[in-house]
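The values are calculated or read from the model by the stated rules, or taken from the named source; none is laboratory data. These numbers come from a predicted model, not from an experiment. Heads up, the Cβs are rebuilt from the backbone with ideal geometry, glycines too, and the neighbour counts pull from every protein chain shown. The accessibility values were calculated without ligands, DNA or RNA, using every heavy atom of the protein model including side chains. Shrake-Rupley method; radii C 1.70, N 1.55, O 1.52, S 1.80 Å.
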Amino acid sequence: MLKKYRKEILIGLITGLLNGLFGSGGGSVVVPAMEKFLDIDEKKSHSTAIAIILMMSVVSSVTYISRGFFNFKIWLFVSIGGLAGGFVGAKLLGKIPKKWLKIIFGGVICIAAVKMIF
């Protein structure tokens, strides 16, 4: 059975490694990988990625918290904003045309890349 899902497992391993190393960022890998290698449509890959990232983030968070790399006050207030933003983003996903979703996602990834370098 594992052989049948080797692409999915490999995508998960790479995404999980990046999530563990950087505390996030798996979405920038898992979304395009699901689209290209698993032939999943854009909107389904974005929404599926959220659930995948949730599971990886729980594992990474437990590891970070157990090692003392955690700031409760920042987590609390950023999470409040994140919950509201996540709700609005999930509602918007169904309304944004696939072409614009790719353009917006690509733009965000490019901006993040430039900010990381400089």
For this session: Tally the residues that are among the hydroxyl-bearing types (S, T, Y) and surrounded by fewer than 10 Cβ atoms within 10 Å (Cβ to Cβ), restricting the search to segment 71-101.
Result: 0
For this session: Quick one: count up the residues across segment 84-102 that are assigned to a helix (DSSP H, G or I) and farther than 19 Å from A33 by Cβ.
Result: 11
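Which of the residues spanning segment 33-51 are farther than 20 Å from I104 by Cβ and either touching a residue at least 40 places away in the same chain (Cβ under 8 Å) or part of a loop (DSSP other than H, G, I, E, B) (or both)?
Of everything in segment 33-51, those that are farther than 20 Å from I104 by Cβ and either touching a residue at least 40 places away in the same chain (Cβ under 8 Å) or part of a loop (DSSP other than H, G, I, E, B) (or both) turn out to be L38, D39.
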For this session: Provide a single number: the residues in segment 7-28 that are under 9 Å from the mean Cα position of the chain (by Cα) and open to solvent by 40 Å² or more (accessible area, probe 1.4 Å).
Result: 2
Exercise. Got at least one residue in segment 70-80 being assigned to a loop (DSSP other than H, G, I, E, B), touching a residue at least 12 places away in the same chain (Cβ under 8 Å) and at negative phi?
Worked result: no
For this session: Evaluate segment 47-70: report whether one residue or more is touching a helix residue (DSSP H, G or I) at 6+ places or on another chain (Cβ under 6 Å), of a type in the set (G, A, S) and open to solvent by less than 80 Å² (accessible area, probe 1.4 Å).
Result: yes
